[in-house]
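The values are calculated or read from the model by the stated rules, or taken from the named source; none is laboratory data. Computed from a predicted model, the values in this text were never measured in an experiment. Cβ atoms come from the backbone with ideal geometry, glycine included; neighbour counts cover every protein chain shown.
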Amino acid sequence: MSLHGFSKSLLVLAALFVALPATAASCPPLLDHSFQRLQDSAQQSLCQYQGKVILVVNTASFCGYTGQYEGLEAVYDKYKERGLVVIGFPSNDFGDQEPGSNKEIADFCRTTYGIKFPMMAKTEVAAPRTHPFYRQLIAKSGAAPKWNFHKYLIDRSGKAVESFDTRITPDDRGLIARIEHRLAEKP
């Protein structure tokens with residue numbers, strides 16, 4: 001191959017490389033996990049949310065805190081255009097308060113609270129069978145969920161994680177201030 005042909009091949013490869021979408025290799029390690037979507041069991045990679053501020057919540061349909069769904073949907077609706085995504089992870093780990101099937105949970109969330117934010121299939125968030133994603137959240141924040149509706153706020157880089165106890169409601173001024181702070185940060 002001539003030097004000209006070699007240079008031309010490099011240009012073609014360079015153009016292909018630039019045109020490729022972001023891959024899992026560019027995904028922050030914290031987000032490099034896939035889950036089944038609650039509504040239809042389709043696989044969802046959390047990498048699709050890189051560059052966004054993410055509020056992760058372990059949920060349950062029969063908990064004293066279940067009313068927080070309404071506040072979570074309101075926060076999602078208010079801030080989604082600015083780059084916030086709320087992701088729910090139903091879990092039966094605390095008090096057996098999420099005993100239903102994924103379909104039953106999806107129907108409950110849709111019909112009772114009109115949930116539009118992403119919800120993943122039932123996930124184990126507590127020891128001893130903590131999902132690796134939750135193990136990373138716990139390690140980065142220093143706090144494990146002690147009950148349903150524990151919240152983790154992940155920055156746009158997918159590196160910083162803040163933890164918020166179950167009793168912190170979605171409309172809590174401190175949580176909202178942290179969400180707004182994270183949304184103001186550059187990716």
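State all residues of region 38-55 that are outside any loop (DSSP other than H, G, I, E, B), closer than 26 Å to Ala184 by Cβ and either among the polar types (S, T, N, Q) or in contact (Cβ under 8 Å) with a residue 60 or more places away in the chain (or both); if no residue qualifies, say none.
Leu46, Gln48, Val53, Ile54, Leu55
Being under 18 Å from Tyr49 (Cβ atoms) and surrounded by 15 or more Cβ atoms within 10 Å (Cβ to Cβ) is the filter here; which residues of region 171-187 pass it?
Listed by number, the residues that qualify are Arg178, Ile179, Arg182, Leu183.
Being hydrophobic (A, V, I, L, M, F, W, C) and either in a helix (DSSP H, G or I) or over 25 Å from His131 (Cβ atoms) (or both) is the filter here; which residues of region 56-94 pass it?
Narrowing region 56-94 to residues hydrophobic (A, V, I, L, M, F, W, C): 56-57, 60, 62-63, 72, 74-75, 84-87, 89, 94.
Residues satisfying the conditions are Leu72, Ala74, Val75.
Between Tyr49, Tyr76, Tyr65, which is under 23 Å from Pro170 (Cα atoms) and in contact with a Ser or Thr (Cβ under 8 Å, 6 or more places away or on another chain)? Quick ask: steps written out before the conclusion?
On the way: Tyr49 fails: in contact with a Ser or Thr (Cβ under 8 Å, 6 or more places away or on another chain); Tyr76 fails: in contact with a Ser or Thr (Cβ under 8 Å, 6 or more places away or on another chain).
Testing whether each residue is under 23 Å from Pro170 (Cα atoms) and in contact with a Ser or Thr (Cβ under 8 Å, 6 or more places away or on another chain) leaves just Tyr65.
How many residues, within region 157-177, are over 16 Å from Thr59 (Cα atoms), of a type in the set (A, V, I, L, M, F, W, C), over 13 Å from the mean Cα position of the chain (by Cα) and not in a loop (DSSP other than H, G, I, E, B)?
Step one: list which residues in region 157-177 are over 16 Å from Thr59 (Cα atoms), which gives 157-162, 171-177.
In the following step, the residues that additionally are of a type in the set (A, V, I, L, M, F, W, C) were identified as 160-161, 175-177.
With the extra rule that they be over 13 Å from the mean Cα position of the chain (by Cα), the set shrinks to 160, 175-177.
Next, from what is left, pick out any that are not in a loop (DSSP other than H, G, I, E, B): 175-177.
The total comes to 3.
Which ones in region 121-156 are closer than 15 Å to Leu31 by Cβ and in a strand (DSSP E or B)?
Tyr152, Leu153, Ile154
If you check Ala177 against the conditions, is it farther than 22 Å from Asp32 by Cβ, modelled with pLDDT of 95 or more and either of a type in the set (Gly, Ala, Ser) or touching a helix residue (DSSP H, G or I) at 6+ places or on another chain (Cβ under 7 Å) (or both)?
yes
Does region 94-109 contain at least one residue that is charged (D, E, K, R), at pLDDT 95 or above and closer than 29 Å to Ser26 by Cα? Don't jump to the end; show me each part of the working.
Within region 94-109, the first condition is being charged (D, E, K, R), and the residues that meet it are 96, 98, 103-104, 107.
Applying the additional criterion that residues be at pLDDT 95 or above yields 96, 98, 103-104, 107.
Right, trim to closer than 29 Å to Ser26 by Cα and you get none.
No, there is no match, as no residue in region 94-109 is charged (D, E, K, R), at pLDDT 95 or above and closer than 29 Å to Ser26 by Cα.
Return the residues of region 127-148 that are over 16 Å from Val161 (Cα atoms) and either hydroxyl-bearing (Ser, Thr, Tyr) or touching a helix residue (DSSP H, G or I) at 6+ places or on another chain (Cβ under 8 Å) (or both); say none if nothing qualifies.
Thr130
Can you tell me how many residues in region 137-154 are more than 14 Å from Val57 (Cα to Cα) and either hydrophobic (A, V, I, L, M, F, W, C) or surrounded by 19 or more Cβ atoms within 10 Å (Cβ to Cβ) (or both)?
Here the count works out to 1.
If I filter region 101-119 for residues that are in a loop (DSSP other than H, G, I, E, B), crowded, with 18+ Cβ neighbours inside 10 Å and not hydrophobic (A, V, I, L, M, F, W, C), do I get at least one hit?
yes
Does region 68-85 contain at least one residue that is of a type in the set (Ser, Thr, Tyr), within 24 Å of Cys47 (Cβ to Cβ) and more than 14 Å from the chain's Cα centre (by Cα)?
Within region 68-85 (the criterion being of a type in the set (Ser, Thr, Tyr), within 24 Å of Cys47 (Cβ to Cβ) and more than 14 Å from the chain's Cα centre (by Cα)), the answer is yes, since at least one residue qualifies.
Starting from region 71-86, take each residue that is within 12 Å of Val56 (Cα to Cα) and surrounded by 20 or more Cβ atoms within 10 Å (Cβ to Cβ) and list its partners that are acidic (Asp, Glu) and modelled with pLDDT of 95 or more, counting only C-beta distances under 8 angstrom and pairs at least six apart or across chains.
That search, which allows pairs on different chains as well, returns Val86/Glu73.
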